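Down below is the structure, laid out as structure tokens.
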């Protein structure tokens, strides 16, 4: 298949009249430009450029390819311009509902980045664990963790995170380390949920999934609070691997029952109808999907820096 990128680079080199100038214009090393054009010539089985120590000149075949490359370059630039124009046209108020268990610092970071990228947007974002009814609550989007209950809302996958069962070394030293799923029933757990949530951990995947009950020592609707309670030695919890990464590295948390796979936690963006999907809604969903990992990493770095100063 023809390498369109090589065609565009070929056009840049011809326009610049030298590899050196084209390299300065594009920021691409001269060797890369030369290699790409050589590959293009090999693919087309023709010589496109006549080279000497001082200048470049087009062959007849090269002139034909150059004209086609200019057309492609014009189309690419038109797409970039239309996308930029559409981004500038994204405006209005966007109302977003997050679950309380969603890390508020990460949610704030995502909304901050989104507002900077789309300066004509104003946003209202709130945290709630009430049943999602976008119309009566007058919200555009709800972010929700799976599994999702049946509804008329459209669900767009945003991201997913691997899960781990963790406890503190102090808890395991005192209560012992469970060596089987059945043994978890005799242990204290920290439940991420609300007053109506059942003390159940879904362990395993697919047809091998088991719903394991445990003794709830505490129930909170904040993942950060669950982690703090676990590190205080109050019980075992099911948390995201990314949230526990630093604790596992430093030995303040211990992963248990590693041999049992866990289904990943999936997050979705919910909205009411495809026909009502405004540009600001689709842009926000795309932004969260693309930016969550970076926002999460930055949050972990901030926490590490704060601990280092304390």
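The values are calculated or read from the model by the stated rules, or taken from the named source; none is laboratory data. If you're wondering where the values come from, they're calculated on a predicted model, not measured in any experiment. In this analysis, Cβ positions are derived from the backbone assuming ideal geometry, glycine residues included, and neighbour counts consider all displayed protein chains.
Couple of notes before you dig in:
A quick yes/no check of all residues on (1) at pLDDT 90 or above; (2) assigned to a strand (DSSP E or B); (3) surrounded by fewer than 16 Cβ atoms within 10 Å (Cβ to Cβ):
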{"site": "195", "(1), (2), (3)": "no, no, yes"}
{"site": "202", "(1), (2), (3)": "no, yes, yes"}
{"site": "226", "(1), (2), (3)": "yes, no, no"}
{"site": "244", "(1), (2), (3)": "no, no, no"}
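- Close pairs (7 angstrom Cβ cut-off, 6 or more residues apart or separate chains): touching a residue at least 60 places away in the same chain (Cβ under 8 Å) in segment 190-215, exposed (fewer than 12 other Cβ atoms within 10 Å of the Cβ) anywhere: 202/211
- Hey, residue 178 surrounded by fewer than 19 Cβ atoms within 10 Å (Cβ to Cβ) and either outside the structural domain of residue 294 (by TED's automatic domain parsing) or out of contact with any helix residue (DSSP H, G or I) (no Cβ under 6 Å at 6 or more places or on another chain) (or both) or not: no
- Selection status of residue 31, over 32 Å from the mean Cα position of the chain (by Cα), modelled with pLDDT of 85 or more and buried (at least 16 other Cβ atoms within 10 Å of the Cβ): no
- Residue list for segment 29-58, restricted to those being touching a helix residue (DSSP H, G or I) at 6+ places or on another chain (Cβ under 7 Å), part of a loop (DSSP other than H, G, I, E, B) and either outside the structural domain of residue 71 (by TED's automatic domain parsing) or farther than 21 Å from residue 71 by Cβ (or both): 29, 47
- Of residues in segment 149-161 being loosely packed, with under 13 Cβ neighbours inside 10 Å and in contact (Cβ under 8 Å) with a residue 24 or more places away in the chain, the one nearest to the chain's Cα centre (by Cα): 157
- Hits in segment 228-242 - residues which are touching a residue at least 40 places away in the same chain (Cβ under 8 Å), in a helix (DSSP H, G or I) and touching a strand residue (DSSP E or B) at 6+ places or on another chain (Cβ under 6 Å): 230, 241, 242
- Being modelled with pLDDT of 85 or more and either within 20 Å of residue 266 (Cα to Cα) or part of a strand (DSSP E or B) (or both) is a description that applies to residue 142.
- Subset of segment 9-24 [within 34 Å of the chain's Cα centre (by Cα) and surrounded by fewer than 17 Cβ atoms within 10 Å (Cβ to Cβ)]: 24
- Whichever residue in segment 204-224 is over 23 Å from residue 129 (Cβ atoms) and assigned to a loop (DSSP other than H, G, I, E, B) and, among such residues, is modelled with the highest pLDDT: 209
- Residue 9 passes every criterion in (1) assigned to a helix (DSSP H, G or I); (2) modelled with pLDDT of 85 or more; (3) out of contact with any helix residue (DSSP H, G or I) (no Cβ under 6 Å at 6 or more places or on another chain) apart from (3).
- Here residue 83 fulfils each of the conditions (1) in a helix (DSSP H, G or I); (2) modelled with pLDDT under 85; (3) in contact with a helix residue (DSSP H, G or I) (Cβ under 7 Å, 6 or more places away or on another chain) apart from (3).
- Residues located in segment 165-175, provided they are touching a residue at least 40 places away in the same chain (Cβ under 8 Å) and exposed (fewer than 15 other Cβ atoms within 10 Å of the Cβ): 169, 170, 174
- Of the residues making up segment 160-173, one or more are within 30 Å of residue 273 (Cα to Cα) and part of a strand (DSSP E or B).
- Flag if residue 155 is within 17 Å of residue 266 (Cα to Cα) and in contact with a strand residue (DSSP E or B) (Cβ under 6 Å, 6 or more places away or on another chain): yes
- If the condition is being assigned to a helix (DSSP H, G or I), surrounded by 13 or more Cβ atoms within 10 Å (Cβ to Cβ) and at pLDDT below 85, then segment 249-291 contributes only 279.
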